[in-house]
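Below is one structure, written out as C-alpha cells; the observations come after it.
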Amino acid sequence: MSAANNYSIMVHGGAGALDNVKDDKTAFRYLESIRQVLEHGRNVITLGGSALQAVEACASLLEDDPVFNAGCGSVLNEDGKVEMDAAIMDGRDLSAGAVAAVDNIANPVQLARLVMSKSEHVMLISEGAMRFAEHCGMSRVPEDYFYTPDRIEQLHQARLQHKIMLDHDDTEEDTEDQKYGTIGAIALDPAGNLAAATSTGGIVNKRMGRVGDSPIVGAGVYADNETCAVSATGFGEDFMRSVISKTISDFIWMKEMNARQATDAGIDYLVRKVNGRGGVIVIDKAGNCASGFSTKKMIHGWIEKGGESVCRF
Ligand code: ASP
C-alpha cells in the first residue's frame, strides 16, 4: 500500500433475511446511508484521525440513523423498553470499553469509549453505566427519542409470534424474517492501527436484562494490531458460544490466514458448531477486507486500501 491508500474501513448495518428491503427505494436508503458513513470514516482518517476515532465516528452516525437497530432505531424488549449494548476496542493495546443494558443514551458507543478511556473497567452495565454517563457529563435523551412507530409495530408482531412459539416448542428456531440490525464499524489507519466498534438494541422482544454478543470482547467485537479487526451481527447467543470474533483473530494468528480465509473459516465454524445465524466484517493487518454471513443477507460496505466505497447486501 502506498502512503495515500494505506487505510481500510468497513461498516455493517445488520444481517438477516432483510425481507423488508423489497423495493429499490428501500435498498437505496440503506446502501446510501452505509456509503455516507464510509465516506465520513474516510474523511476522519485522511484528516489524520486514528482507526479508533474513525470507528467511533462511523458507529455514532449509524446509531443516529433510525433504520438501524442501534441508538435511536433500537428494537424494544419484552417490556416495550430499549436496552442497548455497545463496545469499542483498540488494536494497539487491546484496550476495550463496553456498556450493556443502557437506555436514554443517544450514542452508547461513545459511552463505551468513555468506559475505555476514563474508567479502570472494561464493561459497565445498566444503572452503573448510566451513573458513569452522568459522571462524564453525557446528556440523557428522552424515551420518545427511541420509540418509532415501526419499532412498536415490530414488538407487537414479535409478541404475537412469541405466543405461537410458546404454544409449539420453546426451542423453535427464529425464522429468517427476523432482521438482526445491529451496526458495526472497523478500520485500519495509516499507522497500522486496527479498531472495532459494535452497537445494538439487541433482539426484538428479548427478555429484560438480556445481554447479547455486541458488547462482549471476542464475541461481537475484537481488534488486535497483530491480526485483524472484527465486528459481528446476528443471533448474539451463537456468537457468544463460538467466541466468533476472537476465533477469527486466532485463525489469522495461528494459521497465518488472511481476512478472506479467516472469515470463511469463522463462518464455517459458527455454522458447524452452533448452527449460528449472522455475519461478520473483517479487516486484516494488511488492509484486506472480507465479509461473510450465514443469513440470507447482511447490509455492509467497505473501502479497501483507500479505494472506492462499495456497499451491498
Ligand atoms: N447481535 C445482536 C444481539 O444478539 C443482534 C444483532 O446483531 O442485530 O444482541
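The values are calculated or read from the model by the stated rules, or taken from the named source; none is laboratory data. Remember, it's a predicted structure, so these values are computed and weren't measured experimentally. Quick reminder, even Gly has a Cβ in these numbers, built from the backbone with ideal geometry, and neighbours come from all protein chains shown. These area figures cover heavy atoms from the full protein model, side chains too; ligands, DNA and RNA do not enter into them. Shrake-Rupley method; radii C 1.70, N 1.55, O 1.52, S 1.80 Å.
Figures for the structure shown
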item: The range 1-113, accessible surface, carbon-and-sulfur percent (1.4 angstrom probe); result: 50
item: Residue-averaged [θ]222 nm for the chain, counting only DSSP H segments that reach four residues, each worth -39500 (n - 2.57); result: -11500 deg cm²/dmol
item: Computed over the range 229-292, Cα set: Rg, Dmax in Å; result: 10.5, 30
item: Burial order of peptide ranges 246-252, 219-225 (average beta-carbon count within 10 Å, highest first); result: 219-225, 246-252
item: Per residue value of the accessible surface for the chain (all protein chains in place, 1.4 Å probe), Å²; result: 42
item: The chain - share of DSSP beta bridges that are antiparallel (%, nearest 5); result: 95
item: Most fluctuating residue given options Asp189, Asp284, Asp264, as computed from a GNM of the chain linking Cα atoms under 10 Å; result: Asp264
item: Choice from Arg140, Arg241, Arg272 showing the highest fluctuation, given a GNM over the chain with Cα pairs closer than 10 Å; result: Arg272
item: Cut-off under 5 Å, modelled amide H: who pairs with Gly276 long-range; result: Val271
item: In order through the range 275-288: 3J(HN,Hα) via Karplus (6.51 cos²θ - 1.76 cosθ + 1.60), integer Hz, x for Gly, Pro; result: 6, x, 10, x, x, 9, 10, 9, 10, 8, 5, 8, x, 6
item: Computed Rg/Rh of the range 1-152, alpha carbon atoms with Kirkwood Rh; result: 0.99
item: Amide H contacts of Asn205 (H built 1.01 Å from N, under 5 Å, at least 5 apart or other chain); result: Leu76, Asn77, Glu78
item: Calculated P(r) tail over 37 Å for the chain, as whole % of Cα pairs; result: 8
item: Farthest toward positive dipole pole in the chain [+1 Lys/Arg, -1 Asp/Glu at C-beta], among Gly301, Ala17, Ala106; result: Gly301
item: Cut-off under 5 Å, modelled amide H: who pairs with Tyr7 long-range; result: Lys305, Gly306
item: Dipole magnitude (debye, nearest 20) for the chain, charges at Cβ of Lys, Arg, Asp, Glu; result: 460
item: GNM flexibility winner over the chain from His12, His135, His300 (Cα, springs under 10 Å); result: His135
